[in-house]
Amino acid sequence: MSHAEEPAFEAVGLGRRYRRGWALRNCSLRLPVGRVAALVGPNGAGKSTLLHLAVGLLAPTEGTIRVLGDEVRARAHPRVAFLSQDKPLYRRFTVADMLSAGAALNERWDAPYAARLVDDAGLPSRARVGTLSGGQRSRLALALALGRRPELLLLDEPLADLDPLARRDVMATLMAEVAETGMTVLLSSHVLTDITETCDHLVVLGGGRVQVAGGIDDLVGGHRVLIGPAHQLGTHVPAEVVVEARTTSRQATVLVDDPGLAPGPDWVKHDAQLEDLVLAHLRRGQLPDTEQVPA
Amino acid sequence: MTWVAWRQHRTAVLSSLGVVLLIGLGLVALRLAATSSIRELGLTGCLRDGYFDPGCPAGAQSVLEDRFSSLLSWLPQFLIVLPVLLGVLVGGPLVAREFEQRTQLFTLTQSVGRARWWAVEAAVVGMPVTVALLTLGLVVGWAREPLYVLSPTRLESGWFETTGLVMGGYFLLAFCAAALLGLVLRNTVGAIALGVVAYLVLVPALSMLRPHVLDTTVVSAAPGTVMTDTYVPAGSRVLDVGYRSAAGEPVSPRYDQCGEPFNPATCAEEQGAVSERAEFIPPSHYWPLQLIETGLAIALAAVALLLGLLQVRRRVI
């Protein structure tokens, strides 16, 4: 068992190159045990690549990646479960067949637990996977992932292409199990609002790199929005703390990552909103390297 | 893992076995029909060393021919495509369908190693059908036995590939090659198409190589006498027959310059031939050649499986 000091997930200098170029580069990330972390970023940011690397579907081009203290290998870690974006399951299997497949393919398998999750989801055991709705298939895929009794659960866009009701069901099941077991979760999404209520940790991926990562409370508490006269921006706000600055001819609105900064009497300080903060970091991440240092 | 592979592919395996079983039953019926025809026509015991005994009922041979020779001519043409057809249709989708439906993202993230996944999928599907086709090859050989005199030797291309053990070997090779192509291309149709093309190149090539695998037999006799059972046993695959001069050079007689009455051997002698030479694969080479060719197919199939193992280990999802 991994002890508390060992991160559940740790990437150092991780990179993966495809024929078309780097999908992920220079990615370093630590996720402490017990966190429920959201991995957010626009489409093509490298979220799926990072998760595929974590579960051994891809080999890293450079750098290292460890889960639950062990180097990731081709064979999936027995205590790590993965739920892929399109929830691919054998279409011609019945729900009962899928549960048997889970039992047959895993040494560590909690059959009564998986069966209970399937029952709770109201899935008819003789229905074929191909006939299930998107929401039902997600519930089945989640039951199969949880049936492995993971200590680290990786979910790739678990809510994409689900209707709002199904989203709520899937999220509620997931969070109930997380609360009960204390497992670490890393779930990716390109929609921030899906997950801010349920997650306590945030990783923002943009342009194949980690733009910002940390506890959500720390992140929000570590940023401030300053509004003040545009002409004082260069002199009163140190360039190295600026995440993003927007100016009109008179007024500057600046997101800074130094909460203690007090530029002067002409400036008003607001709490930062998580969504603004994420978007600001993402916009900064999309700039070419040379322009990344704020002017 | 075995159960999952079986559950995934049981339809393909069972329908392949069903096809083989149906053909097998048809062949049993053929043999029964042939033996009863031979009995009914009074031809029992007339087929000595592959030739009709001249003392047997006149006209009976042509009746037997009418009944069975067209069947015997298309049967090997039909059977020869069976191993490759089953091989690519079962082997092509074996793992390619997982990639097409993206279920490898599920399978490969459970606690089953990649090598084991590849090996078990191939074994669970490939073994039963290989055994079925090995059996079918033996049944084909058994079913055509009574009609031996009507059909060319089983060393001839067509029968050689559809009797004995090579059908099983060819199926295994087509199956493993198509499975490998499916793994590399991740596309069922591409794997099937390329598998068929590879087979269409391979089978004629092997047929052309067959005479060079073991030493052929060469005999010489007086012109006009070599093609008798004394020199060339029934069931041989004759590769070449020709006249030779005293110096051992080939003689191709010009038959328009022959004297009367026409006799090709006499004519050849008039034009310098002193002997007639035949080169053939003797019937005793049938089983050694079967074993060699089946062994070669199994070895190539093993190479395909090994390449597949290297490919699955590459971890490109």
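Structure values in brief
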quantity	calculated
Residue count for the range B:77-109, restricted to those that are within 9 Å of chain A (Cβ to nearest Cβ) and either open to solvent by less than 10 Å² (accessible area, probe 1.4 Å) or modelled with pLDDT of 95 or more (or both)	7
Matching residues in the range A:161-189 - criterion: being part of a loop (DSSP other than H, G, I, E, B) and buried (at least 16 other Cβ atoms within 10 Å of the Cβ)	A:LEU162, A:MET183
Index of the failed condition, B:SER151 passing every other in (1) open to solvent by 20 Å² or more (accessible area, probe 1.4 Å); (2) in contact (Cβ under 8 Å) with a residue 40 or more places away in the chain; (3) more than 14 Å from chain A (Cβ to nearest Cβ)	(1)
The listed residue being buried (at least 21 other Cβ atoms within 10 Å of the Cβ) and either in contact (Cβ under 8 Å) with a residue 40 or more places away in the chain or not aliphatic (A, V, I, L, M) (or both), out of B:PRO128, B:PRO146	B:PRO146
Hits in the range A:55-80 - residues which are under 21 Å from A:ALA143 (Cα atoms) and more than 8 Å from chain B (Cβ to nearest Cβ)	A:HIS77, A:ARG79, A:VAL80
Some residue of the range B:58-65 being in contact with a Leu (Cβ under 9 Å, 6 or more places away or on another chain) and modelled with pLDDT of 90 or more	no
Residue list for the range A:148-160, filter: open to solvent by 20 Å² or more (accessible area, probe 1.4 Å) and in contact with an Asp or Glu (Cβ under 8 Å, 6 or more places away or on another chain)	A:ARG149
Qualifying residue in the range A:204-220 (condition: open to solvent by less than 40 Å² (accessible area, probe 1.4 Å) and assigned to a loop (DSSP other than H, G, I, E, B))	yes
Output for the range A:81-99, where each listed residue is at the interface with another protein chain (Cβ under 8 Å from one of its Cβ atoms), under 27 Å from the mean Cα position of the chain (by Cα) and not hydroxyl-bearing (Ser, Thr, Tyr)	A:ALA81, A:PHE82, A:ASP86, A:PRO88, A:LEU89
Residue ranges of helices (runs of 4 or more DSSP H) in the range B:1-110 with at least 1 members farther than 30 Å from B:ALA179 by Cβ	B:2-40, B:60-79
Any hit, the range A:134-147, residues being part of a loop (DSSP other than H, G, I, E, B), in contact with a strand residue (DSSP E or B) (Cβ under 9 Å, 6 or more places away or on another chain), crowded, with 22+ Cβ neighbours inside 10 Å and touching a residue at least 60 places away in the same chain (Cβ under 8 Å)	no
Test set (1) over 27 Å from B:SER284 (Cα atoms); (2) under 35 Å from the mean Cα position of the chain (by Cα); (3) hydroxyl-bearing (Ser, Thr, Tyr) - B:THR225 fails condition number	(1)
Identity of the residue in the range B:268-291, open to solvent by less than 80 Å² (accessible area, probe 1.4 Å) and part of a helix (DSSP H, G or I), that ends up farthest from the other protein chains (Cβ to nearest Cβ)	B:ALA268
Selection within the range A:262-295 - over 24 Å from the mean Cα position of the chain (by Cα), among the hydrophobic types (A, V, I, L, M, F, W, C) and modelled with pLDDT of 85 or more	A:TRP267, A:VAL268
Residue in the range B:182-195 that is at pLDDT below 90, under 17 Å from the mean Cα position of the chain (by Cα) and open to solvent by less than 60 Å² (accessible area, probe 1.4 Å) present	no
Those residues of the range A:111-130 which are in contact with a Lys or Arg (Cβ under 9 Å, 6 or more places away or on another chain), open to solvent by 40 Å² or more (accessible area, probe 1.4 Å) and either over 9 Å from A:VAL95 (Cβ atoms) or assigned to a helix (DSSP H, G or I) (or both), in sequence order	A:ASP120, A:GLY122
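For (1) open to solvent by 10 Å² or more (accessible area, probe 1.4 Å); (2) free of Cβ contacts under 8 Å to residues at least 12 places away in the same chain; (3) on the phi < 0 side of the Ramachandran plot, each residue gets a yes or a no:
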| position | (1), (2), (3) |
| --- | --- |
| A:TYR18 | yes, yes, yes |
| A:SER28 | yes, no, yes |
| A:PRO32 | yes, no, yes |
| A:LEU39 | no, no, yes |
| A:PRO42 | yes, no, yes |
| A:LEU58 | no, no, yes |
| A:ARG75 | yes, no, yes |
| A:VAL80 | no, no, yes |
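The values are calculated or read from the model by the stated rules, or taken from the named source; none is laboratory data. Nothing here was measured: the structure is a model prediction, and the numbers come from that model. Ideal geometry is used to build each Cβ from the backbone, glycine not excepted, and the neighbour counts take in all protein chains shown. Protein only, heavy atoms only, side chains kept; ligands, DNA and RNA dropped before computing areas. Shrake-Rupley method; radii C 1.70, N 1.55, O 1.52, S 1.80 Å.
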